[in-house]
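Structure first, then comments.
The values are calculated or read from the model by the stated rules, or taken from the named source; none is laboratory data. Here the structure is a predicted model, which is why all the values come from computation and not from measurement. Glycine also receives a Cβ, built like all others from the backbone with ideal geometry; neighbour counts cover every protein chain displayed. Accessible surface areas use protein heavy atoms only, side chains included; no ligands, DNA or RNA. Shrake-Rupley method; radii C 1.70, N 1.55, O 1.52, S 1.80 Å.
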Amino acid sequence: MRFLALSGLQAAILAVVTAGVIVALYFLKLRHRRMVVASSLLWGRVLDERQAQSLWEKLRRVISIALAVLIGLLIAMALGRPEIHRLTGGGERTLLVLDASPTMLARTSDGKTRWQNAVTAALRIVNSSAPSSEFRVADTTGRVDAAPTSDRRQIREAIEKMKPMAGLPRFPEPDIETAHVRFITDGIAPLTVPKGTIRESVYEEADNVGITAFEIRSTPSSALGYEAYVEVHNYSKAPRETRLIVAGAGGQRIERTLNLKAGGEFGESFDLSKFEGGGVRAIIQGPGDALALDDEAFAYLPVARQTKTLLVTKGSPYLETLLKLDSLVDVTTIKPEQYQPDPGFDAYIFDGFAPLDAPARPSLLIGEVPPTNWLPRPMGTAQNPKFASWAETHPAMRYVSLHDVVLQRAVRLDPSNLTVLAESEDHAPLILASDMPGTPRWILLSFSLANSDFPIHSGFPVFIDNALAWLSREPLALRRQPGLVTVPIENAEIKALNGDVVEAHPRESGTIFQADGPGLYVATHENVRQYVAVNLGNSQYSNVNGGSSRKDLPETTAAGWLQQELWFYMVVVAAVLLTLEWITYHRGVTL
Amino acid sequence: MTKTVSLFDDEFLKKLEYLSILSKRLFAGQFKAERRAMRRGTGLEFADYRQYVAGDDFRHLDWKAYLRLNRLILRLFEEEEDLPIYMFLDSSQSMTYGDPTKFDYGRRVAAALCYIGLSNLDRVNVIPYADKVRGELRPQRGKGRIFRVFRFLEEIATGGQTDARESFKTYCTETRRRGLAVVISDFFDVSGFQTGLDILRHFKHDIFVVHIASHEDVEPQLKGELVLVDSENNVSREVTVTPSLLASYKAEYNRFCTDIESYCSKYQLGYVRTVTDFPFEELVLKVFRQGRFLK
């Protein structure tokens with residue numbers, strides 16, 4: 001016998017103290033009440049006779065005290081959660097891991113999902129195990145990793161709390177006290193499991209056609225133009241006919257019927273120039289699809305409108321001409337001395353000028369601007385610098401080529417806390433960007449257009465357009481996968497497409513919320529707004545086949561005779577003994 | 001001192017007046033009374049013959065027998081005489097239990113019997129006893145003495161341990177006249193109830209036993225862990241009173257009563273048993289009659 005809640009010494013002390021207290025109380029109980037009777041003559045005869053005749057009378061007191069001690073010990077020892085392996089079985093710790101990959105949501109032939117079957121299997125394992133067995137229940141997403149317990153209610157709650165979701169799967173590390181590792185999986189997620197892990201597979205082959213990619217992106221060739229790229233994959237073992245629908249917020253629809261052979265895929269970009277801004281939803285419809293999670297996807301199409309821009313310059317023919325020709329820009333040009341902050345503009349372009357205070361709107365600053373307290377400190381001049389590298393992935397630099405741009409001179413600036421979009425060979429920052437939370441963005445060119453040939457390069461209009469887009473145009477939606485979604489906006493309020501507020505929690509430099517399935521969300525905080533498109537969009541998840549039916553575990557672990565922990569039976573026995581004592585006492589059988 | 005009790009009202013006394021004590025045997029008396037005595041005397045009814053001895057009243061010589069037998073033979077006549085009644089009342093500590101107490105109940109019984117005896121011109125002695133005789137009301141005769149009897153009964157103090165043997169022995173050796181000895185007691189006597197009655201039998205008294213029990217004696221309301229203390233000798237005994245033990249006690253008490261009754265039956269003693277919550281008037285008028293004590 002061992003005690004799960006007490007050490008051996010503690011159990012011994014508890015037993016001795018309990019027995020001692022009960023015996024002491026018993027003798028305290030025997031302090032008899034004094035009662036004067038007319039004569040004890042007959043009482044004496046009766047007692048002498050009973051004492052002489054009955055062994056039971058002699059043993060009565062011993063039995064009574066033994067019974068009291070037994071009841072006390074049963075209750076006291078029950079507190080220590082005793083365990084006798086022969087009676088109650090193991091009592092060892094099992095790490096029970098459920099594969100919570102999205103593929104576990106694939107429907108099986110019995111109408112249930114693999115996940116539901118996994119939960120059933122997990123509960124069966126827990127219920128068939130020894131009552132004192134401990135389980136540490138965890139999933140492969142890292143979201144649930146319950147503390148080891150033998151409390152069946154807590155174990156069940158932990159299992160029921162789990163949900164499949166996308167994310168990098170990881171297998172929880174067994175602790176040193178773990179005796180068994182059980183893993184319930186469909187065998188698709190690429191996981192490295194510890195040696196000796198007993199797998200139980202819930203895999204069953206299934207038909208699935210899923211949207212593996214859905215993205216809205218701007219078209220470089222068209223002003224305010226966007227296209228939607230859709231990729232659909234057939235992971236079934238047979239050809240499938242699927243209907244694809246791309247629907248916009250204004251009721252616009254694009255429909256296609258796709259005939260996909262087994263393992264085939266479809267990928268195409270759709271022009272969204274006729275779509276109104278807002279949410280765009282892609283749906284595939286077809287019979288016998290096992291995984292619903294990848295049958296729809298969301299994206300956000302920015303609202304198409306010109307950027308109201310205030311150009312402050314002493315005169316820049318290239319820039320003025322370019323902005324006037326740019327259909328995305330509604331430009332107003334003024335001299336530096338005429339500058340007054342005006343909230344009616346979406347963005348400012350300061351050419352050879354910078355206001356003393358940071359403007360309330362995003363701004364593009366060009367040339368050797370006078371030093372201010374909100375711009376980086378000048379640290380000298382760089383002569384004939386050459387563009388050595390630039391951040392091609394930054395939205396402002398996309399499709400911008402700076403290969404042959406010649407600069408005569410540039411101001412050396414301190415790039416601390418700023419993003420360097422382009423720099424010279426000697427690492428002098430030539431294009432800097434500020435993207436501080438809570439302050440308007442700005443981009444600074446450390447050279448003037450007059451001292452370079454950048455305006456006559458093809459990358460110049462692209463850069464200006466990119467820069468204005470990054471500074472002031474509505475951004476495309478962030479792309480995330482179902483599960484825990486992080487948005488890089490602090491204390492943001494998250495709303496679903498239908499306007500419902502989603503429970504969100506602040507995290508370091510961002511906000512986190514739970515998205516169980518595909519959807520379009522908007523995160524807002526003060527003037528900042530960001531759409532988040534949550535899509536499964538991953539061939540790894542849509543490919544619900546390729547798992548394993550391998551089952552390398554016994555159906556149940558060996559349980560003892562008793563289905564409950566021993567303490568339960570001890571309390572029951574104590575209660576029965578107490579009841580018997582109570583009944584027999586009132587019937588005069590016992591003391 | 002036991003509390004003073006109002007023994008009888010006038011109505012009850014009148015009822016008792018018509019009752020007389022039935023004695024199973026005849027006893028000699030000093031005065032002529034309404035019952036026959038053992039003494040041969042000057043009565044009218046012939047009783048027996050005996051040899052004449054000097055000093056006998058020669059008026060009772062049977063001269064016809066002398067002529068036939070040539071011997072002096074004296075004719076004996078029965079004479080109606082008074083009856084000495086010795087009212088032994090147990091005043092030990094155990095008699096103070098019950099509601100009303102056994103002692104109060106016993107005093108009423110004694111008072112009733114005294115009244116009846118006095119009404120029948122019997123000589124009534126009241127002898128309270130416990131470990132010894134505790135005083136005596138000297139022989140009273142005539143109904144007018146009843147109030148002295150009442151007063152005496154009221155003044156009896158209780159206490160001490162019962163020792164009937166010693167008490168009766170002391171009293172009987174001092175009083176030679178035989179009579180009707182009424183013993184009113186609960187008979188809780190450590191030396192046994194027989195010892196006292198044996199003494200009375202030895203002195204040829206006609207004995208009537210009134211066994212008084214309280215409800216607590218018959219069915220004690222005890223339960224649990226107790227130290228039972230004897231009220232007479234303060235001997236204590238630890239006991240766990242269970243229903244089983246109570247049943248044993250009741251059986252023992254019944255055996256005790258049966259023993260007393262058997263003893264009385266064996267030696268032809270009058271016996272009646274009552275409990276203190278039994279209505280006193282009914283006891284006197286009915287139970288005594290059922291016990292052939294009164295007629």
Q: Would you please list the contacts, defined by Cβ atoms under 7 Å and residues six or more apart or on different chains, that run from a residue in the range B:270-281 that is over 16 Å from residue B:95 (Cα atoms) to a residue that is open to solvent by 40 Å² or more (accessible area, probe 1.4 Å) and outside any loop (DSSP other than H, G, I, E, B)?
A: B:271/B:261; B:280/B:108
Q | residue B:108 vs. criteria in contact with a Phe, Trp or Tyr (Cβ under 9 Å, 6 or more places away or on another chain) and not hydrophobic (A, V, I, L, M, F, W, C) | A | yes
**Q.** Selection from the range A:299-314 of residues that are at pLDDT below 90 and of a type outside the set (Lys, Arg)
**A.** A:301, A:302, A:303, A:304, A:306, A:307
**Q.** Among (1) touching a Lys or Arg at 6+ places or on another chain (Cβ under 8 Å); (2) part of a loop (DSSP other than H, G, I, E, B); (3) among the hydrophobic types (A, V, I, L, M, F, W, C), the one test that residue A:379 misses
**A.** (2)
Q.
Looking only at the range A:138-155, filter to residues that are surrounded by 20 or more Cβ atoms within 10 Å (Cβ to Cβ) and hydroxyl-bearing (Ser, Thr, Tyr); which one of those is nearest to residue A:197 (Cα to Cα)?
A. A:140
Q. For the range B:176-295, list the helices (runs of 4 or more DSSP H) that sit wholly inside it and hold at least 3 residues that are open to solvent by 70 Å² or more (accessible area, probe 1.4 Å), at pLDDT 90 or above and within 14 Å of another protein chain (Cβ to nearest Cβ); which are they?
A. B:243-266
**Q.** Matching strands (runs of 3 or more DSSP E) fully within the range A:479-590 where at least 1 residues are under 28 Å from residue A:202 (Cα atoms) and either small (Gly, Ala, Ser) or at pLDDT 80 or above (or both)
**A.** A:483-487, A:510-515, A:519-525, A:528-534
Q. Quick one: would you say residue B:166 is away from chain A (no Cβ under 14 Å), over 15 Å from the mean Cα position of the chain (by Cα) and open to solvent by 30 Å² or more (accessible area, probe 1.4 Å)?
A. yes
Q: From A:158, A:166, grab the single residue that is among the small types (Gly, Ala, Ser), surrounded by 14 or more Cβ atoms within 10 Å (Cβ to Cβ) and modelled with pLDDT under 85.
A: A:166
Q: Name the single residue, out of those in the range A:42-67 being open to solvent by 30 Å² or more (accessible area, probe 1.4 Å) and modelled with pLDDT of 85 or more, that is nearest to the other protein chains (Cβ to nearest Cβ).
A: A:45
Q) Looking at A:304, A:297, A:292, which one is assigned to a strand (DSSP E or B), small (Gly, Ala, Ser) and either open to solvent by 10 Å² or more (accessible area, probe 1.4 Å) or more than 22 Å from residue A:204 (Cα to Cα) (or both)? A) A:297
Q.
It is to be established whether one or more residues within the range B:149-159 are crowded, with 23+ Cβ neighbours inside 10 Å and in contact with a Lys or Arg (Cβ under 6 Å, 6 or more places away or on another chain).
A. yes
Q. Among the residues of the range A:373-383, is any in contact (Cβ under 8 Å) with a residue 60 or more places away in the chain and within 16 Å of residue A:441 (Cα to Cα)?
A. yes
Q | Tally of residues being open to solvent by less than 40 Å² (accessible area, probe 1.4 Å) and either more than 19 Å from residue A:248 (Cα to Cα) or aliphatic (A, V, I, L, M) (or both) across the range A:493-523 | A | 13
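Condition check ((1) modelled with pLDDT under 85; (2) open to solvent by less than 90 Å² (accessible area, probe 1.4 Å); (3) within 14 Å of another protein chain (Cβ to nearest Cβ)) across all residues:
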{"site": "B:55", "(1), (2), (3)": "yes, yes, no"}
{"site": "B:64", "(1), (2), (3)": "no, no, no"}
{"site": "B:78", "(1), (2), (3)": "yes, yes, no"}
{"site": "B:82", "(1), (2), (3)": "yes, yes, no"}
{"site": "B:90", "(1), (2), (3)": "no, yes, yes"}
Q.
The conditions are (1) in contact with an Asp or Glu (Cβ under 7 Å, 6 or more places away or on another chain); (2) open to solvent by less than 50 Å² (accessible area, probe 1.4 Å), and residue A:275 fails exactly one of them. Which is it?
A. (1)
Q) Does the range A:338-351 hold any residues that are open to solvent by 10 Å² or more (accessible area, probe 1.4 Å) and closer than 17 Å to residue A:433 by Cα, and which are they? A) A:351
